[in-house]
Structures are given as C-alpha cells and as structure tokens.
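The values are calculated or read from the model by the stated rules, or taken from the named source; none is laboratory data. This one's a predicted model, so the numbers in the text were calculated from it and none came from an experiment. Note: ideal-geometry Cβ built from the backbone for every residue, glycine included; neighbour counts use all protein chains shown.
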Amino acid sequence: MTERYVSFDRQQWAELRAATPMTLREADLENLRGINERIDLDEVAAVYLPLTRLLNLYVSATQNLHKVSATFLGTLAPKVPYVIGVAGSVAVGKSTFARILQALLARWPDHPKVDLITTDGFLHPNHVLEERGIMNRKGFPESYDTRNLLKFLRELKSGRPAVQAPVYSHVVYDIVDGEHVTVCQPDILILEGLNVLQVGAPGSEAAEFVSDYFDFSIYIDADEDDIEQWYVDRFLSLCDSVFQNPDSFFRHFAHLSRDEAIATARGIWQGINGLNLSENIEPTRERASLILRKGADHRVSDVRLRKL
C-alpha cells in the first residue's frame, strides 16, 4: 500500500523553517507553557516555525480559493475562518501546543486574528452525565454535546459575525452555567480536544462529523507509557496546586501521600484515560493532516505530513 504520509525526522523538519522569523521570546513561552511542560525556544524553532510556515501557505491558498469562487459566482466572499483541529490523548501536551501555535500564527501579517477553543466547553454538564450514568466516562465521545459543537462550527463556517461557545472550568470540573466565549470571525480558529477526529461508532448514521469542518488537523502522538507517566507527573503537580483550592472538584486528592497520589493517578489512567486513548483517540490518528510524535523528553522526534 502506498504511504499516505511524507515522513521527516526532527532535523529534516527543522530545515523547512527556511527564513521564518522567531517571533516569541522566552517570557512569552513562560506564559504559554502548561504544567510540567518543558518546551523551550529550540523546540519552537525546530518544530513550530516550520509548521506555521506551512499553515501560512495553506491559509493563503484557501483564502485565494474563496476569492476565486466568489469571482466566479459574482458575489462577495464571506469571511470564513480557516479551522485547525488539534487532537491527542489527555496529558500529551495538546493545550500547550495549541496556545503556542495560536501565538505564532497570530504574528503572521496575513491572519492576525487567531482564536482558540477547546472542546471541554462542549462536554455535557455534570448533572447530565450523572443522570445518564456516565460521569466516569467524561472525555469519552458520548460525554460531549456533539450536536451543539457541530452547530457552533456550522455557524462559524457560514460566516456568521459572532458565534458563542460554552465555558468549562477545570477547577469545578463542570460547565460554567450562563458563561460563554464569543468568537467573532477570526482568520483562523484552532479547535483543541480529545476526540475531534472522531467519525462515530461503527454503523452510526451521523450525517456530519466535527472533522468535516477542519481545513487542517494535527494529531500529537507518543508512546502510551510516556503519556501515562506525564499524566502521573501532572497529577502530582495538581495535588500541590489546583487541588488545594477549596472550590476544586478534586480537593479530596489534595492531602494524599505521594505514594497514594501515584497509585490514584495510575488507577485513573488505566480505568479512564488510557482506555479512552486506546478505544477512541488513537484509532483516529491516521485521519490527521499532520502527526507530531513526541519522545519521552516531550520533544518532537519526527513528523508525518499527509500527502495532498
């Protein structure tokens, strides 16, 4: 079977940066890093700058395509955002990746307005999950209000001036009732989430999928053993920080001993996050436009770009 991807090792990919300038400083990166993320400016230069150069070319080509289509039809081209999906496991570094990508893309002159939305806001509220008996399946495909997420993307892609997305709090571990973020015709929208490349269960008759609205998609990959360790490390850090907040949903974990915290984190991984990865997330990897593979040190070791 013909390989659907062009593969690059880290050095080969880094060379594709060409003359793309570094527009982030160490202070910017400090504000964008997630918990236990060790991304440095060398990683940005080697991995992110070639990617932003590629995406800049893709966005420009798509914008020109809309203009050509409008000219043919004799209409005005509506402002349609270029949508980038970012997928991957819990704890693989999606959120930090998406924030850095957003910051870099917004510094290109042709598309200064770049918005970032996470699919956490489209989780069903806890009371709905509890009613359905799937609170322990949070993050699995059935825990999302996919209909509302599709409506959001449909309105966004139709050129609607303002579209609203719900807000999720990782402190209270729930949707914030009555709170929304408004997206107003960005040049680029990055949608980050666990299951954004899902196409439904076998035999499902869904007419459309979230990924139907993507112009480009990225899957962040790593060995499961490494991701599990990153999850454990993050859980330990949260025990010393966010979980100490009296409003935290997980405040009962705050006073665990280190051994208890490690055992708890590994139990959650094996019973929930690892299961979701193997059943739902990893099988979507080959649907991505680009696959970034990380090593145990969090650094990207190789890149696969889908052939056009």
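Here are the numbers:
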read-out	value
Residues satisfying the stated conditions in the range 251-262, i.e. surrounded by fewer than 17 Cβ atoms within 10 Å (Cβ to Cβ) and assigned to a loop (DSSP other than H, G, I, E, B)	H255, S257
Failed item in (1) out of contact with any Asp or Glu (no Cβ under 9 Å at 6 or more places or on another chain); (2) of a type outside the set (G, A, S); (3) touching a residue at least 40 places away in the same chain (Cβ under 8 Å), with L189 passing the rest	(1)
E208, sole failed condition from (1) surrounded by 14 or more Cβ atoms within 10 Å (Cβ to Cβ); (2) touching a helix residue (DSSP H, G or I) at 6+ places or on another chain (Cβ under 8 Å)	(1)
Residue tally, condition among the charged types (D, E, K, R), at pLDDT 95 or above and under 19 Å from S95 (Cβ atoms), over the range 1-52	1
Residue ID - nearest to L54 (Cα to Cα), chosen from residues in the range 111-136 that are among the hydrophobic types (A, V, I, L, M, F, W, C) and assigned to a strand (DSSP E or B)	V114
Some residue of the range 146-157 being over 20 Å from N273 (Cβ atoms) and not in a helix (DSSP H, G or I)	no
Residue that is nearest to L290 (Cα to Cα) [pool: residues in the range 214-267 that are touching a residue at least 60 places away in the same chain (Cβ under 8 Å) and among the small types (G, A, S)]	S217
Failed item, numbered, when G121 is tested on (1) at positive phi; (2) buried (at least 16 other Cβ atoms within 10 Å of the Cβ)	(1)
Some residue of the range 223-235 being within 30 Å of S158 (Cβ to Cβ) and within 20 Å of the chain's Cα centre (by Cα)	no
Residues that are without any contact (Cβ under 8 Å) to a residue 40 or more places away in the chain, of a type in the set (D, E) and under 22 Å from V90 (Cβ atoms), drawn from the range 141-186	E142, D145
Among the residues listed as P246, P283, the single one being out of contact with any Ser or Thr (no Cβ under 9 Å at 6 or more places or on another chain), exposed (fewer than 15 other Cβ atoms within 10 Å of the Cβ), modelled with pLDDT under 95 and not polar (S, T, N, Q)	P246
Close pairs (8 angstrom Cβ cut-off, 6 or more residues apart or separate chains): over 13 Å from S143 (Cβ atoms) in the range 109-130, assigned to a loop (DSSP other than H, G, I, E, B) and among the hydrophobic types (A, V, I, L, M, F, W, C) anywhere	P112/A106; K113/A106; V114/A106
Selection from the range 178-210 of residues that are modelled with pLDDT of 95 or more and assigned to a strand (DSSP E or B)	E179, H180, V181, T182, V183, I188, L189, I190, L191, E192
